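As structure tokens, the structure follows; a few thoughts come after it.
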Amino acid sequence: MTDQAYHLIGVMGWPVMHSRSPLMHNYWFSQTGLPGKYVFLPLEPHRLPAALRSLHALNFAGANLTIPHKLQAMEIVDEVDPVARKIGAISCVVVRDDGSLWGTNNDWLGFLGNLKQSVPEWRGDAGPATVIGAGGGSRAICHALLSEGAPAVRLVNRTRAKAERLAADIGGPIEVIGWEARHDALDGAATVVNTTSLGMVGQPPLDLRLDALGAEAVVADIVYTPLETRFVKAAQARGNRAVGGLGMLIHQGPPAWKLWFGLEPKVTDELRSMMEKSILGDG
Ligand code: ATR
């Protein structure tokens with residue numbers, strides 16, 4: 001192997017050592033036969049500018065960004081993709097041939113890739129979507145739903161002002177609904193997504209009554225610890241198709257590989273079960 005043929009990628013975060021990204025991307029390095037390594041890059045926020053600037057010199061093809069770097073990176077990279085600007089966060093950096101940095105966001109593609117693989121009959125334009133939460137995850141998911149033709153997004157958030165800001169930034173048919181009206185907001189929804197941290201290990205469960213949920217509605221949660229939240233299990237118990245958040249994490253990987261290396265690795269059952277085992281092993 002030549003020195004140039006060795007590919008380096010990593011995930012910058014603080015904390016980051018809990019991340020499953022290295023496990024996943026290194027699986028793809030071995031699957032595709034591409035020589036390289038995906039590494040943990042634990043990095044305090046004040047070191048982010050110098051760290052990003054070092055990527056080219058260290059021969060990295062790019063990096064993923066996680067908490068707390070996704071916002072700050074927008075001020076550092078040379079060019080921000082319009083989608084990332086709309087979502088308001090960068091999750092993926094590409095080092096271009098001339099050494100300049102391009103920042104994008106693949107979280108919305110991860111959400112769609114997962115839904116399309118797990119529930120092939122899902123159609124974004126089948127009816128309105130109800131989205132619970134208005135943080136970073138919600139921004140990516142609202143963009144995803146609208147890009148798939150959702151006729152309306154009903155956005156429910158505890159802090160109404162945050163939802164209103166999101167609606168203004170993302171644009172399109174987003175209707176802000178008060179937190180207390182969340183149960184009724186499921187009525188007639190084709191897609192229902194929890195983007196809050198509620199239901200995550202150590203957090204209270206999402207308090208959402210499913211009485212109004214239609215039989216055909218597809219449910220998704222971005223939480224993946226546990227792999228299936230109480231919300232996902234309750235929807236499944238009613239007979240609805242419902243997916244947990246791990247798939248969203250996995251499916252933002254192939255679009256990143258396309259940008260870094262020009263090839264899209266496969267999301268296999270083997271990869272999924274490896275990731276699931278790793279998460280269960282923590283429990
Ligand atoms: P992320 O970027 O991961 O989405 P975030 O920006 O902290 O994280 O957003 C977390 C979301 O979970 C927000 O919508 C938050 O509601 P607020 O905007 O009102 O803070 C929501 N959330 C977290 N804890 C909550 C709780 N106990 N009840 C209701 N919503 C909660």
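Read the figures in this text as sums done on the coordinates, not as results from a lab. Please read all numbers here as calculations on a predicted model, not as lab measurements. Heads up, the Cβs are rebuilt from the backbone with ideal geometry, glycines too, and the neighbour counts pull from every protein chain shown.
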Treating only the Cα positions of the range 108-247 as identical point scatterers, give the base-10 log of I(q)/I(0) from the Debye formula at each q in 0.14, 0.18, 0.21, 0.22 Å⁻¹. -0.54, -0.95, -1.38, -1.54
Quick query: amide H of V243 versus all other amide H atoms, modeled in the peptide plane; which residues come in under 5 Å with a sequence gap of 5 or more or a different chain? V219, A220, D221
What helices in the chain pass both tests, a Cα length along the helix axis of 18 Å or more and a mean Kyte hydropathy of 0.0 or higher, using whole DSSP H runs? none
Largest fluctuation, I67, I177, I250 only, Gaussian network model of the chain with Cα springs under 10 angstrom, belongs to I67
Rg/Rh for the chain: what does it come to with C-alpha atoms and Rh from Kirkwood? 0.97
Skipping prolines and chain starts, which residues have an amide H placed within reach, meaning under 5 Å, of the one on A189, given they are 5 or more residues away or on another chain? G214
Within the range 103-165, which GluC sites (Glu not before Pro) sit in a loop by DSSP and count at most 14 neighbouring Cβ atoms inside 10 Å? E121
Add -39500 (n - 2.57) for each DSSP H run of 4 or more in the chain, then divide by its residues: what number comes out at 222 nm, to the nearest 500 deg cm²/dmol? -10000 deg cm²/dmol
List every residue whose amide H lies under 5 Å from the amide H of V176, counting only residues 5 or more places away in sequence or on a different chain, with H placed 1.01 Å from N in the peptide plane. L155
